[in-house]
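Student: My structure is below; once you've seen it, I'll send some questions.
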């Protein structure tokens, strides 16, 4: 298995290359270039997974002292702690999302979605957006679920509205927002309105302007095994490992920025109303907080206006570093390069308007 | 090429599942995520481990089926030298008929990203990074939120000194209209953080008695700091038990406040199991 590179495999992995993260993350850039030059038939030796593992283990053993010295420094320690914390806080939600996605793929026939959602896409978008209320997870769960929906024939616009709305407006998140802001129930209400509004707007924008070749809909056709149970297991394992890898990328970026960006300096700029909205939006992207916890953090950032804190709560579950990585992994890079900035602008705009109206 | 084969997928699932089970059943977990979240990673660890074991069983079964198919083909043929060739062919045929598996690895070129899941496993196995401490507290402003709407807190128990959580002490110092802390000897447990460039309201106060609180996980930690007035200087990250009395005069009625305590005694203690409040 490990060392029988067929010609098929070579060409396929090149096809996949454009939809992956930057090569730097893999250290395989040069190997890929070699591959492109070499004829696919060549039986040249190439390092396999076992070789990579062995080299990795040898490096760790040789440089263990340096590694430990590095992680004795408080900044590195803090970064490592935050990395591990984000991973193990998010994994359960990712697992939940992956299990639901597996159930959707294996057990729910495509015809169910045709009956459940309105035929007209313009109507399917708000219905799917409102359906986000029922998934009691945070943003990590909704990425694989909406991928599963698309692979079962749900229109991307509707699935995307669901993707954005469910982590922002589900009951767990709304209750925690309500608890975190005692005496300010408008915050939870504003979160519901702005979250749903921005999600539906993005769904409609995708319906109007989105192109199908921007998005890579997860293809499950090859995963259909002999039994539903086996399909379920294979889909779940595959989705979990795939999304998990991207979660690692996002958590690394979040941990690094958490240590490098002096958030206390940003916080001193909170007095200016426009600046405070932009800073809170940027903080939401950088900090990658779980949507079930972000309200408590927002509540403590008292030097910022209520409107800018609402922006923080609306942007966070829709655009943050780990979500960008997860969405890029699931739907492709050309998708996330367009979708994430557009969502950011729409979320900031809608949340500012709702905040201006409520507070 | 580090293409993700079925075997590697199974290996990654088993590794990550075991690591998740391990940290969710030990005190290490408390360094990263709030205690009440523990059941979720535990269930996730079980799930991943089961998926991994099932994947191994699948591989093992299919390999055996392939071998049996090859054997019976060889037996029918009855020619030993050719039998070896056939068994190899049988194997690769199996690989093709089972396209579902040999495909998973690379039809999504991005599957190679799954290799990165080794990083968190290695981080736990090799480093097991410690709880957040003074580095985080020194970078953050002290944050004291109030959990009572009325700002009128119930009276403290009558023990002397009263053991209090740092957060409880700070909350009463900043928000309590009834000033329940007044004249009471309290006992607080926290770690030492030293003032950075800013926030030194009293130059005689050498350090802050600090504690971090979590809403979910260490990424959302916020700091509570109490200025220790009249105490000998101590290095950051020293865990201490402090007795003393509230010193009114710090900021009140704002979430960004650093209350004061007049220190009577300081005892160094080992780091508690759960460093967060």
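Student: Taking the Cα centroid of region A:305-359 and of region B:49-71, what is the distance between the two, rounded to the nearest whole Å?
Tutor: Going from one Cα centre to the other spans 45 Å.
Student: Still on this structure, please answer the following. Of the listed peptides A:204-216, A:146-158, what is their order by residue-averaged count of other C-beta atoms within 10 Å, with the highest listed first? Walk me through the numbers before you get to the answer.
Tutor: On the way: A:204-216: 15.7, A:146-158: 23.6.
Order by mean packing, descending: A:146-158, A:204-216.
Student: Could you put A:294, B:160 in order, starting from the residue whose Cβ has the fewest other Cβ atoms within 10 Å?
Tutor: On the way: A:294 30, B:160 10.
Ordered by Cβ neighbours within 10 Å, fewest first: B:160, A:294.
Student: Let me ask you something else. Starting from the Kirkwood Rh over alpha-carbon pairs, what translational D in µm² s⁻¹ does region B:134-268 have by Stokes-Einstein at 10 °C and 1.306 mPa s?
Tutor: Values: Rh = 14.7 Å.
Translational D for this selection: 108 µm²/s.
Student: Ordered by packing density, taken as the mean number of other Cβ atoms within 10 Å over each peptide's residues, highest first, how do B:244-252, A:332-340 rank? Provide the component values of the computation, followed by the final result.
Tutor: Values: B:244-252: 17.8, A:332-340: 19.3.
Result, highest mean Cβ count within 10 Å first: A:332-340, B:244-252.
Student: Hey, got the average number of other protein chain Cβ atoms within 10 angstrom for residues in B:119-129?
Tutor: Numbers: counts 8, 12, 1, 4, 6, 4, 1, 5, 10, 4, 11.
The shielding value for this peptide is 6.
Student: A further question follows. How big is D for region A:288-359, in µm² s⁻¹ as a whole number, if Stokes-Einstein is applied with the Kirkwood radius of its Cα pairs at 4 °C and 1.567 mPa s?
Tutor: In µm²/s, the coefficient is 101.
Student: Something else: For the pair residue B:122/residue A:261, report the inter-label distance in nm, with labels modelled 7 Å from Cα in the Cβ direction.
Tutor: Roughly 2.7 nm, to one decimal.
Student: Hey, another quick one. If you take the square roots of the eigenvalues of the alpha-carbon gyration tensor of region A:95-149 and sort them as a ≥ b ≥ c, do you get rounded (a/c under 1.5), prolate (a/b over b/c) or oblate?
Tutor: Working: a/c = 2.54, a/b = 1.32, b/c = 1.92.
Oblate shape, in that a/c is at least 1.5 and b/c is the bigger or equal ratio.
Student: Okay, next question. So how far apart, in nm, are the two label points at residue A:68 and residue A:302 if each is 7 Å from Cα heading toward Cβ?
Tutor: Those two pseudo-labels are separated by 4.5 nm.
Student: Another one. Separation between the residue A:61 and residue A:108 pseudo-spin-labels, each 7 Å from Cα along Cα→Cβ, expressed in nm?
Tutor: 4.9 nm
Student: For region A:227-300 and region B:1-44, compute the distance between their C-alpha centroids and round to whole Å.
Tutor: 20 Å
Bear in mind that the values in this text are calculations on the coordinates, not laboratory data. Remember, it's a predicted structure, so these values are computed and weren't measured experimentally. Please note: Cβ atoms are built from the backbone with ideal geometry, for glycine as well, and neighbour counts cover all protein chains shown.
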